[in-house]
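J.: Right, I'll just put the structure down here and ask away after.
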Amino acid sequence: MSEWTGKSRGGNFGHCFFIALISHCGRGVAYLFLIFVVPYYVLFAPKSTKASWRYWRRIHHLGRFASFRKLFLHYYRFGQIIIDKIAAISGMDSHFEYDFCNYDAFLNILDGGTGVVMIGAHLGNWEIGGQFFGDYAPKLNLVMYDAEYQKIKSKLEQVMGEKAYHVIPVNEDEFSHVFKIKEALDNCEYVCFQGDRSINEKHLLSANLMGREAQFPAGPFQIASRFKVPVVFYFSEKESRDKYSFRFFIAEPVKRTKGMKPEDALLAQYVAVLEERMKAHPEQWFNFYPFWPELA
């Protein structure tokens, strides 16, 4: 996972442009403009394009023509997700429909009087859910890499005003975020991680995903297992132009065994669910770098 630096692609101008376009012209026009943006990234983001190409060819085993088509769809879907996120957090959340899967069990966990760890992935529109959780939203704490967060923070704040949720920024050279996470869990709040990216090669766990060995950040799984709080795997997937599905999977409690650490047992559950969702929406997997080391 060393190829990912903690920053996502897309310059400040690009974010400003799409924020203005959505605000004045709506999502439909912004979607249309992606027709011009996608070819640019295919040509001028060679590392991302190479990663996407190998994802379709070697993970999903598609032919060359099918992989070429999927490459463009991959970028286009990513653009739609970004546009939807900006629209939702800038007050257009009522434009979306959404379904909840296993929602009652999820609410029972949130109402359980303890802290909760939620682990998602860069699949679908993970962050958009913070706008839909009503009275629970102020207790949501999203853990994000600082470089990724700061890049778009000021521009998004101009259109979104006060966020429904909180952000705990992570800097790989500091550990202050660990204390903030502990404080949130001690206060019976909800700490949300994305379990599929890390910029620290010293703290990784390995597991088999889609038939190949992959590496995952150890932090979310170690924190969840050591604090002994309920764990929910959460995915928000785009089903149609205006519809999202929110899916919640309650993790089984884990403990140390002779052959497996608790964080490895939790990771195994996470990977099983992640693979299921990747197969359901392969074009919504947004790790545009060599996620599988053997594909680098």
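J.: Quick one: count up the residues across the stretch 94-111 that are surrounded by 13 or more Cβ atoms within 10 Å (Cβ to Cβ) and without any contact (Cβ under 8 Å) to a residue 40 or more places away in the chain.
T.: 1
Table: residues versus (1) modelled with pLDDT of 95 or more; (2) in a helix (DSSP H, G or I); (3) open to solvent by 30 Å² or more (accessible area, probe 1.4 Å).
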position	(1), (2), (3)
Ala224	no, yes, no
Phe248	yes, no, no
Pro253	no, no, yes
Arg256	no, no, yes
Met260	no, no, yes
Val273	yes, yes, no
Glu276	yes, yes, yes
Lys279	yes, yes, yes
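J.: For the stretch 287-296, how many residues are surrounded by fewer than 20 Cβ atoms within 10 Å (Cβ to Cβ) and touching a strand residue (DSSP E or B) at 6+ places or on another chain (Cβ under 8 Å)?
T.: Going through the stretch 287-296 one residue at a time, the tally reaches 3.
Yes/no per residue for (1) at pLDDT below 95; (2) in contact with a helix residue (DSSP H, G or I) (Cβ under 7 Å, 6 or more places away or on another chain); (3) within 17 Å of Ile89 (Cβ to Cβ):
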| residue | (1), (2), (3) |
| --- | --- |
| Ser2 | yes, no, no |
| Ser8 | yes, yes, yes |
| Gly11 | yes, no, no |
| His15 | yes, yes, yes |
| Ile19 | yes, yes, yes |
| Val37 | yes, yes, no |
| Leu43 | no, no, no |
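J.: For the stretch 222-271, give me each residue that is among the polar types (S, T, N, Q) and more than 21 Å from Thr114 (Cβ to Cβ).
T.: Those that are among the polar types (S, T, N, Q) and more than 21 Å from Thr114 (Cβ to Cβ): Ser236, Ser240, Ser245, Thr257.
J.: For the stretch 66-109, which positions are of a type in the set (Phe, Trp, Tyr) and part of a helix (DSSP H, G or I)?
T.: Hits for the stretch 66-109 are Phe68, Phe72, Tyr75, Tyr76, Phe78, Tyr103, Phe106.
J.: Sticking with this one: For Thr114, all conditions in the list (1) open to solvent by less than 40 Å² (accessible area, probe 1.4 Å); (2) of a type in the set (Val, Ile, Thr); (3) within 26 Å of Ala184 (Cβ to Cβ) hold save one; what is the number of the exception?
T.: Just one mismatch for Thr114, condition (1).
J.: Output the qualifying pairs, or none if there are none: Cβ atoms under 8 angstrom, residues six or more apart or on different chains, first residue in the stretch 268-281 and touching a residue at least 60 places away in the same chain (Cβ under 8 Å), second residue crowded, with 17+ Cβ neighbours inside 10 Å and assigned to a helix (DSSP H, G or I).
T.: If the second residue must be crowded, with 17+ Cβ neighbours inside 10 Å and assigned to a helix (DSSP H, G or I), the pairs left are Tyr270/Phe221.
J.: Looking only at the stretch 110-125, which residues are over 24 Å from Phe288 (Cβ atoms) and either outside any helix (DSSP H, G or I) or of a type in the set (S, T, N, Q) (or both)?
T.: Asp111, Gly112, Gly113, Thr114, Gly115, Val116, Val117
J.: Name the residues in the stretch 56-93 that are aromatic (Phe, Trp, Tyr) and either open to solvent by 50 Å² or more (accessible area, probe 1.4 Å) or over 27 Å from Phe17 (Cβ atoms) (or both), would you?
T.: Trp56, Phe65, Phe68, Phe72, Tyr76, Phe78
J.: Quick one: is Ser23 free of Cβ contacts under 8 Å to residues at least 12 places away in the same chain, open to solvent by 50 Å² or more (accessible area, probe 1.4 Å) and among the small types (Gly, Ala, Ser)?
T.: No, not satisfied.
J.: Contact list please: Cβ distance under 7 Å, first residue in the stretch 175-187 and under 15 Å from Arg226 (Cα atoms) and in contact (Cβ under 8 Å) with a residue 24 or more places away in the chain, second residue open to solvent by less than 90 Å² (accessible area, probe 1.4 Å) and in a helix (DSSP H, G or I), pairs at least six apart or on different chains.
T.: Matching pairs, first to second residue: Ile181/Ile223.
The values are calculated or read from the model by the stated rules, or taken from the named source; none is laboratory data. Source: prediction; values computed, not measured. Because the Cβ atoms are built from the backbone with ideal geometry, glycine has one as well, and the counts that use them run over all protein chains shown. Just the protein is used for accessible areas: all its heavy atoms, side chains included, with ligands, DNA and RNA removed. Shrake-Rupley method; radii C 1.70, N 1.55, O 1.52, S 1.80 Å.
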